[in-house]
Every structure is written in structure tokens, then in C-alpha cells.
Amino acid sequence: MSKQKRQMRLGAFIMATGHHVAAWRHPASQADAGLNIDHYRELAQTAERGKFDLVFVADSPAGWERAKDPEALRRSSQGAHFEPVTLWAALSQATSHIGFVATASTTYEDPYLLARKFASLDYISKGRAAWNVVTTGADVSKNFSIPGHPAHADRYARAEEFVDLVKGLWDSYEDDAFIRDKESGVYLDPDKVHLVDHKGQFFSVTGPLNVGRPVQGYPVIVQAGASEPGRELAARTAEMIFTANQTLEDAQEFYSDVKGRLARYGRSQDDLLISPGIFPVLGGTERQARENYDYIQSLVHPSIAWNILARHYKGVDLSGYSLDDPAPPLPQDTELNKSRLKLVTDLVSRNNLTLRQFYLAVATARGHRTVIGTPEQIADAMQQWFENGAADAFNIMPPILPAGLTDFVDQVVPILRRRGLFRHEYEGTTLRENLGLKRPQNGFVLRSQLEPEARAAV
């Protein structure tokens, strides 16, 4: 019996008006997208029409850095957008198969409330929820009545404990705990309800959670950090990684390194999907694609350009530079987003960029891979990474929305299907089923099964 050909997974990474920093100015964008539920509904339904696995919105509890620069604030659209779990709960009712990835911070959220929120989303969506685990690079401590932003190492130590605790809370009820027998009057089996009784470095939580075990066992766990602690957290806990790589070689190194860590946690290669971001600029010909790229780049206002540079060159006086000067070395002393700092540092040094070239590179997809070309060339670029140990999936980052996602679904997806690289129909009804991920067993049940064996071995 022949083995089924490996197929890529696709996610639609949604930024309200599109991923380009000036997308809201483009004639084909939805300018009020951030707070327009009809816009998001259209995007989710378009992605489902294309048989995408998931839709994803990045999110942060941050106040907005551009608020410190009134001129940049005046000209940017990225300050107002929906809270993701609320948004996905609504859109799960307008779709039937596509999964929903919501970002939530282990630094600025509470494990019990987060576990309850995502378990509820999994029930509301009938098994299509996922949690993008982030530690939050931006210092937003002034919004949360805490003394200051934790150091990078402390954020990851807290994240390790946070994820384990949330999984324990999701296991509070065994899958068959609820009997609901009206005749006998028995609603649940107390022997199948478990307290976590957790007392750790950062948290003390008794439990149980007041929601049943999620439909998927756990919502799919997604992670996005690429620093050393981020890679280790992903290898131990994540089932999908959203990553940013500019070159095939860098993507292969990341893929090989993280997949190589799985065995020490008793995990197989298929337990973790790696999904680089790709910013596709489409055109009927290469020339048209380049013209589309040049046009949207022309929409970046100078105040936004200098704001982009100022955010990357914190503490550096750029007043003596012109945009056509070589980009100076980026500051390396940061406790914020270390993996993104490395990405843009490599981008500058590898290509000897001017400041103008640097801001234009970041204005597209913030360091993710940009591919400009025909639908066939976009498919070629994806196929090369997929077939050469660099990706299991791709997070599609349309430059403008909704047009960019519609064009990808209508023009690139059919090519991937003809090449046997992407599905024609969904495999199941839950996100786990469609991603090919196993449903996790209840941790309390597993421990109870292992304990007698452990006692017998003593």
C-alpha cells in the first residue's frame, strides 16, 4: 500500500488592512478593517473556501509605541483591532472547518483565566481553537500595575510553568466525567474530576477548571519564539511554530535544530509543524508583480519610515543620517524580542542595506520572507522550502486585505493542488484532525496508569 504524499498546511496570517505598514492607503484595502467584523468574516470564509487550515491574528497587550510619536500615530492604522478570542468566538459561527489561532501572553495573563477562555473557545468552535503562546517582548508593564517588564530569561521561565499549568487545568475533567443521567440524577463522576494543586515559582493554583476538558483535549499549542529559550520551549510544548526566515539556509537550520530537540522529550518529528511566514506580492507577470510591490512601497510616508527606523535603533541618534546612508549596526543590548533582533540584524549585514532599503524591507512583513512574482513563482518558492527541509506549513501574509488573500486563494492554491502539495478537501472537523496532530491523553489518567508500574519496579 503506497504511503500518502506529504502535503503542506496553510494558515492565513491576518493583519487588519494587510501586512504592509501602509496597506490602509491602498485602493484595494478595507481602511476601517481593524474594527469591522464583516471584513474579518469575509477573510475567514475566503480562507475556508481555499481549505486553509487556520486563520491567525497576532496580538499584544501593548499600548502602542507609535503613540509616542504624534506624527506617526496620525498616519498609521495599526492602533485599533479586536481582541482575538472574542473575534474568533464570533467567526467560528460563520465557518465550519477552519481553525482559529489566538495569541495570549504568559507574561501578562493569568493561567486559570486563560485556560478557561481557550477551553470555552474550543467548545464554541467545536474543536477548532489554538493558543499562540507568547512571552511579550514589548514592555507594557505600566498597563498592568506591576513593577516592571520581566527579563527575557524570567519571561521564559514563567512561560514554561504557565503552559504546564494550563494543560493541567484543561485536564481537570476526564473526557467521560460528565454522566448527565436524568433518570438516576447523576450529573458527573467526582472520581474523574482532578485538582491541579499547583505550587510553583510563579503560580499557586488549586483548580479544577470550571469548563469541561476541551473538545481537542488541548487546543493546539502554537509558539513563535526563535531564541534559544524559545526553541527549547517549542520543542517541549508546541505543536506548531510560526517562524520568520529570510533564506532557505536559515530556514533549514531552524527546522533541523528544533526538530532535532524533540526526541529528548519523547516526541516524534510529526508532533511539531514548522510554519514560516511568507509575504506574497502577486502579478500576472514578473513585471506586474514588481510594479505592485513598488506601488505599495511608495505609500510609506516619511514620518512612518523614520518611526520604523527609530523603533529598531533605540537609543541611537539618527538625526545626522540621510535615508541613503548605509544602515549603522543595530543595537544588540535588548531584553525584548531577541529573535526578531537577530533576524533584522542579519538582514542588514547580509545585504549591506542603506537606511532606506532597511525600512522598505521591514515595511513589508517585518522581517518575514517577501516573494514577488507570478502565482507559479510564488508556488515554486513555497515548494522549494517544503521539499527541502525548511517548512511543513506556511503562514500566508497578504500585503493588503481582503484582495491579497482572495488572489492567493484563487491563483496560487490551484497550482499547489495540481502539484499534489495541498488538499482538495478537509480531512476532519477539528483543527487537530486537519493538521494531522494527535489528540493528547489526559495527564491525570496517564499518571494513574503509570503509577502502579512505577511502584512495581521499586
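The values are calculated or read from the model by the stated rules, or taken from the named source; none is laboratory data. Because the structure is predicted, anything quoted here is derived from the model rather than measured. Here the Cβ positions follow ideal geometry from the backbone for every residue, glycine too, while neighbour counts run over all protein chains shown. Only protein heavy atoms, including side chains, enter the accessible area calculation; ligands, DNA and RNA are left aside. Shrake-Rupley method; radii C 1.70, N 1.55, O 1.52, S 1.80 Å.
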Helices (runs of 4 or more DSSP H) (entirely within the stretch 1-104) containing at least 2 residues that are open to solvent by less than 70 Å² (accessible area, probe 1.4 Å), modelled with pLDDT of 95 or more and over 30 Å from Phe144 (Cβ atoms) = 37-49
task = Select the strands (runs of 3 or more DSSP E) contained entirely in the stretch 146-242, then report the ones holding at least 3 residues which are under 20 Å from Arg267 (Cα atoms).
result = 220-223
Tally of residues being among the hydrophobic types (A, V, I, L, M, F, W, C) and part of a loop (DSSP other than H, G, I, E, B) across the stretch 386-438 = 8
ask   = Of the residues Tyr108, Tyr112, which is under 25 Å from His149 (Cβ atoms) and part of a loop (DSSP other than H, G, I, E, B)?
value = Tyr108
message = For the list (1) farther than 24 Å from Asp53 by Cβ; (2) open to solvent by less than 40 Å² (accessible area, probe 1.4 Å); (3) at pLDDT 95 or above, I need the number of the one condition that Thr135 fails.
response = (3)
